[in-house]
Amino acid sequence: MSKGNGMTGKPHVVVLGCNFGGLTAARFIREKAGDSVDITVIDRKPYLVFVPNIQMEVFANKDPEEKLQMQFYEFLKGDGSVFLQAEVKDVDIESKCITIVPTERPGAATEKVQYDYIVFALGCKLDYAAIPGFAEYGHTVSDTFYGNKLRRHLFSGGYKGGPIAIGTARFKMGTKGRPAWIPTMTSACEGPPLELSLGLASLLKEKNWGSAKNITLFTQGEWIAEDAGVPLVKEFLKIAVDGMGMSYMNQTEDIKEITKDGIEFTNGKSLEAELKIVLPNWVAHDFIKKLPIVDEEGFIITDLYMRNQDHPEIFAVGDCAALTAPKLGGIGDMEARIVAQQIAKDMGKLNPEEKEMKFAPVVMCFGDMGDHKAFYIHSDLIYGGKTGIMKMGHKYFMMKVGFKETYFMLGGKTPEWGIRLTELVGD
Ligand SMILES: Cc1cc2nc3c(=O)[nH]c(=O)nc-3n(C[C@H](O)[C@H](O)[C@H](O)COP(=O)(O)OP(=O)(O)OC[C@H]3O[C@@H](n4cnc5c(N)ncnc54)[C@H](O)[C@@H]3O)c2cc1C
């Protein structure tokens, strides 16, 4: 039995996954609950990948592995938490037992970890395998492997100046347990195509490889990135389509196949393209899909305190949680802070002065535009709110880069006000 440091008799909190959701959850649980709990964190790899900045490195012809992988061990050790580098294979929620296989060397034997509290932060499977032709003809920037593949293609003369298609495959959301104010979204995360289109347009111009006119943005629904709110999307399209000359194709339904010459959609539409940059469907992990705590698509059902109501010792944060829509690291970060408070509250450690947080999402992101500029979106319009802010300029680029540096320096424990500050100091 591998128990992390859950040997002291204190409640044992096990955090599964250590990227944006898991690292922040583990660190704030320690801050809020103090030494009233033992904490073990399990991930198959010993570093965090700062996914949102991969495109910037790729378009600057820099290997994203160099600057975007953050070793988190020292932060967890400093907190007195234990890290286990292992693949999570299964969770028995009745016996509160996790099955893992260490990943450092192949051939390791299966181990068991017992928990009192469990925080699922395992993200999703980005389902490129479900898109026929992706491996041969598709590109993307969602991890350093694919980022480098695109970088090598672009900067070794692979791109010949033809049409470029950028968009996402259809996302399938469950409905069980989802509040009515979180609408069904057809894309899991559609900020990246906006960012890719602007960043690439800038690169094409800089290298004399073409212009924004080479690019077509496509989307399944009426509006691309509708999670930012339709008024903001219209503003974006005015700039990208009317101003820069990009093309826009909507109502594509879903990607059927990527071919050498373009993209075929499931409703018969098609796009001619030499370069195809796509994001896939975000799909729940197979073992999680089988657990009795998930919705129809395998996302973990929680209340607004990120706690499963049938199993109050189970929490979920980040992309694997049903409430997380769209799938954004910023939303996962907020959920991680909520979970930390809830566990501290159970331990009788929540400061009575502290306001109890409840899930109230906002869509917040910085998007690279090339030429050292970025856009900044802060919106809750999709949830029926009234905030819809989009700004662009050099300062937001500095904020995007600065946020990553702060994140790495503080090991995922960024102050919440760090992002809101952008609205005060922007162009
Ligand atoms: C191109 C792109 C750009 C993006 N830009 C933004 C942005 O600007 N702003 C924003 O807020 N969000 C952005 N996102 C979304 C953001 O990256 C995700 O929402 C975020 O990474 C989710 O965090 P997570 O911790 O829930 O999951 P993940 O980041 O997917 O982390 C899951 C962790 O669990 C581990 N894991 C998974 N399965 C297992 C297993 N079985 N055993 C052991 N370990 C396992 C993984 O190794 C990983 O460390 C972007 C996404 C993409 C693809």
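Search the range 127-141 for residues being outside any helix (DSSP H, G or I) and within 15 Å of the ligand (Cβ to nearest atom), and hand back the single one that is surrounded by the fewest Cβ atoms within 10 Å (Cβ to Cβ). So the residue we want is Asp127. Sub-6 Å Cβ pairs linking a first residue in the range 368-384 that is polar (S, T, N, Q) to a second residue that is part of a strand (DSSP E or B), at least 6 apart or interchain, are Ser379/Val363; Ser379/Gly388, ordered by first then second residue. On the stretch given as the range 309-319, residues that are crowded, with 23+ Cβ neighbours inside 10 Å and over 10 Å from the mean Cα position of the chain (by Cα) total 4.
Of the helices (runs of 4 or more DSSP H) lying entirely inside the range 1-89, those carrying at least 3 residues that are among the basic types (Lys, Arg) and touching a residue at least 40 places away in the same chain (Cβ under 8 Å) are 20-33.
For every residue, the table says whether it meets (1) within 19 Å of Gly17 (Cβ to Cβ); (2) within 13 Å of the ligand (Cβ to nearest atom); (3) among the β-branched types (Val, Ile, Thr).
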| residue | (1), (2), (3) |
| --- | --- |
| Gly34 | no, no, no |
| Pro46 | yes, yes, no |
| Pro64 | no, yes, no |
| Ser81 | yes, no, no |
| Val88 | yes, yes, yes |
| Asp92 | yes, no, no |
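Looking across the range 146-202, the residues that are in a helix (DSSP H, G or I), under 22 Å from the mean Cα position of the chain (by Cα) and not aliphatic (A, V, I, L, M) come down to Tyr146, Gly147, Asn148, Lys149, Arg151, Gly191, Pro192, Pro193, Glu195, Ser197, Gly199. Residue check: Phe59 meets all listed conditions (1) of a type in the set (Phe, Trp, Tyr); (2) within 30 Å of Ala201 (Cβ to Cβ); (3) surrounded by fewer than 18 Cβ atoms within 10 Å (Cβ to Cβ) but one, namely (3).
Evaluation of Cys124 against the conditions (1) of a type outside the set (Asp, Glu); (2) away from the ligand (no atom under 13 Å from the Cβ); (3) within 25 Å of the chain's Cα centre (by Cα) shows that the sole unmet condition is (2).
All conditions in (1) on the phi > 0 side of the Ramachandran plot; (2) surrounded by fewer than 17 Cβ atoms within 10 Å (Cβ to Cβ); (3) in contact (Cβ under 8 Å) with a residue 40 or more places away in the chain hold for Lys358, with the sole exception of (1).
If you take the residues of the range 361-395 that are more than 30 Å from Leu204 (Cβ to Cβ) and within 13 Å of the ligand (Cβ to nearest atom), which of them is surrounded by the most Cβ atoms within 10 Å (Cβ to Cβ)? Full working, then the answer.
Step one: of the range 361-395, the residues more than 30 Å from Leu204 (Cβ to Cβ) are 361-362, 380-387.
Then keep just the ones that are within 13 Å of the ligand (Cβ to nearest atom); that gives 361-362.
Working: Pro361: 21, Val362: 19.
Top of the filtered list is Pro361.
Within the range 217-234, which residues are buried (at least 19 other Cβ atoms within 10 Å of the Cβ) and in contact with a helix residue (DSSP H, G or I) (Cβ under 9 Å, 6 or more places away or on another chain)? Full working, then the answer.
First, the residues of the range 217-234 that are buried (at least 19 other Cβ atoms within 10 Å of the Cβ): 217-220, 223-229, 232-233.
Leu217, Phe218, Thr219, Trp223, Ile224, Ala225, Glu226, Asp227, Ala228, Gly229, Leu232, Val233, listed by residue number.
Just one residue in the set Gly177, Gly167 is at pLDDT below 95 and small (Gly, Ala, Ser); that residue is Gly177.
The values are calculated or read from the model by the stated rules, or taken from the named source; none is laboratory data. All of these numbers come straight from a predicted model, not from anything done at the bench. When we count neighbours, we look across all protein chains shown, and the Cβ atoms used for this are built from the backbone with ideal geometry, even at glycine.
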